[in-house]
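Working notes, beginning with the structure itself.
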Amino acid sequence: MLDNILCTLVGGFVGAGASIVTQWVANILTNSRRRRAIAGAFAGEIGAICSIMRRRKYLEQGQQLLEHIDQWQQPLRVMMYITQDYLTIYHSNSSAIGLLPAPLALDVAVFYTQVKSLMEDVRPELPEPVGTEDAKARLTGQVNLLSETLGIGEGLVTQLHKVAR
């Protein structure tokens with residue numbers, strides 16, 4: 001009788017253990033698939049944002065405007081009407097950034113925060129610069145931030161593609 005009870009207990013433990021291991025493996029596989037999908041989606045959106053910035057030559061135009069301000073002493077600024085949401089992947093998946101490896105998650109958060117800051121800096125309703133020095137300081141900051149953001153973004157696309165595979 002003791003043998004039967006022992007066999008039943010051992011069988012129960014083996015069954016429960018197998019169930020736990022099976023669930024654990026299933027979770028790992030699900031998270032792995034989700035991590036790859038999130039990485040691919042972020043790579044696509046970040047790549048598109050960087051591509052748009054490069055094709056429209058925002059960095060070069062900012063540098064040219066800076067030269068113009070310096071040469072003609074006119075307190076100009078960049079203004080853009082942004083009518084589209086270029087951050088849809090980020091908005092719908094920001095809670096999943098934690099599935100990415102920590103350094104990538106950090107860089108993704110930095111990239112999007114800097115893009116949002118750049119978008120804020122060019123809103124038409126912002127006050128005009130107070131003089132040439134103010135215009136140069138603002139624009140220099142924007143050009144530097146844009147250059148840094150492009151570098152982060154282009155590096156991220158490569159790293160995210162590796163995770164997505």
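The values are calculated or read from the model by the stated rules, or taken from the named source; none is laboratory data. Remember, it's a predicted structure, so these values are computed and weren't measured experimentally. So basically every Cβ, Gly included, is an ideal-geometry build from the backbone, and we count neighbours across all protein chains shown.
Could you tell me whether segment 42-60 includes any residue that is more than 24 Å from VAL143 (Cα to Cα), charged (D, E, K, R) and surrounded by 16 or more Cβ atoms within 10 Å (Cβ to Cβ)?
no
Does segment 81-95 include one or more residues that are closer than 25 Å to VAL157 by Cα and either in contact with a strand residue (DSSP E or B) (Cβ under 6 Å, 6 or more places away or on another chain) or touching a residue at least 60 places away in the same chain (Cβ under 8 Å) (or both)?
No: zero hits.
Given the structure, is TYR81 under 30 Å from SER32 (Cβ atoms) and either touching an Asp or Glu at 6+ places or on another chain (Cβ under 7 Å) or not in a helix (DSSP H, G or I) (or both)?
Working: under 30 Å from SER32 (Cβ atoms): no; either touching an Asp or Glu at 6+ places or on another chain (Cβ under 7 Å) or not in a helix (DSSP H, G or I) (or both): yes.
Here the answer is no, as TYR81 does not meet what is asked.
Go through segment 100-128 and count every residue that is within 16 Å of CYS50 (Cβ to Cβ) and over 17 Å from the mean Cα position of the chain (by Cα).
So the count comes out to 0.
How many residues are modelled with pLDDT of 65 or more and closer than 24 Å to HIS91 by Cβ if we restrict to segment 6-31?
Residues meeting the conditions: 1.
For segment 47-65, what are the residues that are touching a residue at least 40 places away in the same chain (Cβ under 8 Å) and closer than 12 Å to SER147 by Cα?
Across segment 47-65, the qualifying residues are CYS50, MET53, ARG54, TYR58, LEU59, GLY62, GLN63.
Scan segment 93-105 residue by residue and report those that are within 17 Å of ASN31 (Cα to Cα) and assigned to a helix (DSSP H, G or I). Give the derivation first.
Going through segment 93-105, the residues within 17 Å of ASN31 (Cα to Cα) turn out to be 93-102, 104-105.
Those that are within 17 Å of ASN31 (Cα to Cα) and assigned to a helix (DSSP H, G or I): ASN93, SER94, SER95, ALA96, ILE97, GLY98, LEU99, ALA102, LEU104, ALA105.
For residues that are loosely packed, with under 15 Cβ neighbours inside 10 Å, touching a helix residue (DSSP H, G or I) at 6+ places or on another chain (Cβ under 8 Å) and among the basic types (Lys, Arg), tally how many sit in segment 107-161.
0
When segment 53-78 is examined, which residues are found to be in a helix (DSSP H, G or I) and over 27 Å from the mean Cα position of the chain (by Cα)? It would help to see each step written out before you state the result.
From segment 53-78, those in a helix (DSSP H, G or I) are 53-55, 58-72; that's our starting set.
GLN64, LEU65, LEU66, GLU67, HIS68, ILE69, ASP70, GLN71, TRP72 - these are the residues of segment 53-78 that are in a helix (DSSP H, G or I) and over 27 Å from the mean Cα position of the chain (by Cα).
Given the criteria in a helix (DSSP H, G or I), closer than 26 Å to GLN64 by Cα and under 19 Å from the mean Cα position of the chain (by Cα), does TYR90 qualify? Quick ask: steps written out before the conclusion?
Values: in a helix (DSSP H, G or I): yes; closer than 26 Å to GLN64 by Cα: no; under 19 Å from the mean Cα position of the chain (by Cα): yes.
No.
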